[in-house]
1. Using the Cα centre of the range 6-133 as the reference point, and only Cβ charges (+1 on K/R, -1 on D/E), how large is the resulting charge dipole? Debye, rounded to the nearest 20.
2. Order Glu78, Glu84, most accessible first, counting only protein heavy atoms with a 1.4 angstrom probe.
3. Given a 1.4 Å probe, how much area per residue of the chain is accessible, in Å²?
4. For the chain, modelled as a GNM with alpha-carbon contacts under 10 angstrom, which of Asp30, Asp93, Asp15 fluctuates the most?
5. When the chain is fully extended, how far beyond the present Cα-Cα distance does Ser138 get from Glu16, taking 0.36 nm per residue of separation?
6. Given a 1.4 angstrom probe, I'd like the percentage of the accessible area of the range 6-133 that is carbon and sulfur, rounded to a whole number.
7. Using a basic spin-label model with each label point 7 Å from the Cα along Cα→Cβ, how many nm lie between Val125 and Glu29?
8. Over the heavy atoms of Ser33, what accessible area does a 1.4 Å probe trace out, to the nearest 10 Å²?
Amino acid sequence: MIEGVKIVDKRVIRDERGAVLHMLRRDSEDYHSDFGEIYFSKIRQGIVKGWKKHLINIQRLVVPVGEVKFVLFDTRKESKTFNEVLTICLSEDNYKMLVIPPNITYAFQGISTGESLVANCSNKVFEQGESETIPVESNLIPYRWKGI
Ligand SMILES: Cc1cn([C@H]2C[C@H](O)[C@@H](COP(=O)(O)OP(=O)(O)O[C@H]3O[C@H](C)C(=O)[C@H](O)[C@H]3O)O2)c(=O)[nH]c1=O
């Protein structure tokens, strides 16, 4: 596991009408009061968004619709897990919150047919220039995406 990254189980309450999926509760142990904003990112099947690296912001991601594969790469030279890669697929069936600290390089790919939805509850509001982008085909990251 990459130092500082968290994968937190979240509750799914299913019934025949459609599920309720938890994201953040102020009484849960992973709750942090440093709320910035919540937004949603849609991703089509096969498309990769990234690589990105936030310099300050913490990302807290869940996938309530569809399935998305995330790949994280530890680019922090001072980290115990420098150069480690983590891959995880999130969906309603593997419903967890992925917490990504700053300075981790990551990207994600839509897996299920149609569009998948990533919800992000970030600790700060989005600001242009707060994150860096590396082309998805870059050799700087030791991971090759299928179909890219
Ligand atoms: C998030 C955001 C984006 N934008 C603009 C910036 C770009 O011109 C455009 C697309 O943004 P971006 O390429 O960052 O979108 P995604 O690739 O879906 O990534 C976003 O959602 C995933 C889940 C992440 O984890 C990223 O941190 C977050 O940036 O929307 C804004 O103007 N305001 C915003 O709050």
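The values are calculated or read from the model by the stated rules, or taken from the named source; none is laboratory data. Remember, predicted model here, so these are calculated numbers, not experimental data. All Cβ positions, even for glycine, are placed from backbone atoms using ideal geometry, and neighbour counts span all protein chains on display. Note: areas computed on protein heavy atoms with side chains; ligands, DNA, RNA excluded. Shrake-Rupley method; radii C 1.70, N 1.55, O 1.52, S 1.80 Å.
1. Numbers: 19 positive and 18 negative charges, 29 e Å.
That gives the range 6-133 a dipole magnitude of about 140 debye.
2. On the way: Glu78 155, Glu84 75 Å².
Listed by decreasing accessible area, they come as Glu78, Glu84.
3. Details: 8480 Å² over 148 residues.
About 57 Å² of surface per residue is accessible.
4. Result: Asp15 has the largest fluctuation of those listed.
5. That works out to 39.5 nm of additional length.
6. On the way: 3480 of 7040 Å².
Accessible surface attributable to carbon and sulfur in the range 6-133 totals 49 percent.
7. Taking the simple label geometry, Val125 and Glu29 are separated by 3.4 nm.
8. Here the accessible area works out near 100 Å².
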